[in-house]
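The values are calculated or read from the model by the stated rules, or taken from the named source; none is laboratory data. This structure is a prediction, so every number in the text was calculated from the model and none was measured. Virtual Cβ from ideal backbone geometry, glycine too; neighbours counted across all protein chains shown.
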Amino acid sequence: MSAEIIDGKAIAAALRQRIAKAVSQLQENHNLTPGLAVVLVGEDAASQVYVRNKGIATKEAGMVSLEFRLPADTSQEALLEKVRELNNDPSVHGILVQFPVPEQISQQAVIDTISPDKDVDGLHPQNAGRLVSGLPALTPCTPTGSVILAKQTLGDLTGKHAVVIGRSNLVGKPVAQLLLNENCTVTMAHSRTKDLAAVCRQADILVAAVGIAEMVQGDWIKPGACVIDVGINRVAGAEAGKTRLVGDVDFAAASAIAGHITPVPGGVGPMTIACLLRNTVTAACRLAGLDEIEI
Ligand code: NDP
C-alpha cells in the first residue's frame, strides 16, 4: 500500500485564493482593507526569509503589508512600545512579532502585550483560553493549517483517535485542542510518554510536532492512518555541503503504511502563512464589527 500524498501547497493556494476574494468583498462592500504588521528584531537569516514571504503573500491577497525592522540590540521596552503603537493603529488588524527575539527580550512579554484582538499568531493567553473554552478565538496558524489538511483529507473527524506528539504552546497543545473541537478522541504524547510507538499505533490521525528528524518510524503507523508531519528539520544532504529539509516522520517508511501523509516540504508549511492571512481577515471583520466571512 502506498499513501496518498496530501498536497499542502495546492490546498494552501486554494485557501489563499478564497482569502483574496474575501478581501476584495470587504473592500467593495465596506471600504475595509485588512492590514498585517510584521515586526522583525535583528538579522536572523531564516527570520528575514519568513518575514519577506509573509509580506509577499499579504500583498498578493490584496491586503496592506507593513514591515518594521528593528536592530538586534533593541530593548524590550522599545519593542513593547512599538507593539502598543500598532495596537492603537486602526489601519493595522493583525500584529506578528517574528520569533525568536534576541535574548534581552522576553517572548512571553511580547505575546502578552499584543492586543488579543490583533493577535493573528493566536498565542496570547486570552486566545489560548478562549480556544480551550470553545469560544471564538484567533487560533495559532500551524495547528489551524494542520487540522484543515486533516479535514480536507478525511472529511468529518468525529470519533477518530488523534495522537499528537508534542505539547508546545505553539503547536502541540493548540492542535490537540482543535482536534478535540472536531470531536476527535485526543491523546497527547511528549518526551515522557511511555512506549510512544504503541501509543502512535492507535492513531487514526497522527500529528508529529517534535523537532527530531525522522523520529516516527514506519512501524509506529496504524495501517491507513492520516499522518500530519509538522516537523521541519534541516539535515545533511546527499551532496557534501548541501542540506535538505525532512520532517519528524520517516516519510519513505511511513508512506508505505499510512493512508494519507503530508510531505516535508510542501505539506503543513504552506498552510501556516495561509492561516495567518485568514486570521488577519477574521481580525479585521471583528474589529470593524462586521459578520465574519466564512473562508
Ligand atoms: P518545541 O521544541 O517547542 O516542542 C517539542 C515537543 O516535542 C515538546 O513538547 C517535547 O516534549 C516533545 N518531544 C521532544 N522529544 C521528544 C521525544 N523523544 N518523544 C516524544 N516527544 C518529544 O517545538 P515546536 O512545537 O515549536 O515545533 C515542533 C516542530 O514543528 C519543529 O520541528 C518545528 O520546526 C516545527 N514547526 C513547523 C512549523 C511549520 O510552519 N510547519 C511551525 C512551527 C513549528 P516535552 O514537552 O516533554 O519536552
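Some notes on this structure:
- Residue match in the stretch 173-193 (condition: acidic (Asp, Glu), surrounded by fewer than 14 Cβ atoms within 10 Å (Cβ to Cβ) and touching a residue at least 12 places away in the same chain (Cβ under 8 Å)): no
- Any chance GLY224 is in contact with a Ser or Thr (Cβ under 9 Å, 6 or more places away or on another chain) and either closer than 21 Å to LEU123 by Cβ or at pLDDT 95 or above (or both): no
- Per the conditions (1) near the ligand (Cβ under 8 Å from one of its atoms); (2) under 18 Å from ASP7 (Cβ atoms); (3) touching a Leu at 6+ places or on another chain (Cβ under 9 Å); (4) not aromatic (Phe, Trp, Tyr), the sole criterion not satisfied by CYS226 is (1).
- Filter result (under 24 Å from the mean Cα position of the chain (by Cα), assigned to a helix (DSSP H, G or I) and surrounded by fewer than 15 Cβ atoms within 10 Å (Cβ to Cβ)) within the stretch 194-223: none
- Checked against (1) crowded, with 21+ Cβ neighbours inside 10 Å; (2) of a type in the set (A, V, I, L, M, F, W, C); (3) near the ligand (Cβ under 9 Å from one of its atoms), LEU277 meets all criteria but (3).
- Candidates THR282, THR272, filtered to the one that is within 11 Å of the ligand (Cβ to nearest atom), hydroxyl-bearing (Ser, Thr, Tyr), within 30 Å of ALA61 (Cα to Cα) and in contact (Cβ under 8 Å) with a residue 40 or more places away in the chain: THR272
- For the stretch 233-281, a residue qualifies if it is over 21 Å from the mean Cα position of the chain (by Cα) and more than 20 Å from ALA209 (Cα to Cα), and the qualifying residues are ALA236, GLY237, ALA238, GLU239, ALA240, GLY241, LYS242, THR243, ALA256.
- Test: residue in the stretch 146-166 that is within 13 Å of the ligand (Cβ to nearest atom), surrounded by fewer than 20 Cβ atoms within 10 Å (Cβ to Cβ) and among the hydrophobic types (A, V, I, L, M, F, W, C): no
- Filter result for VAL110 (among the hydrophobic types (A, V, I, L, M, F, W, C), at pLDDT 95 or above, outside any helix (DSSP H, G or I) and under 21 Å from THR272 (Cα atoms)): no
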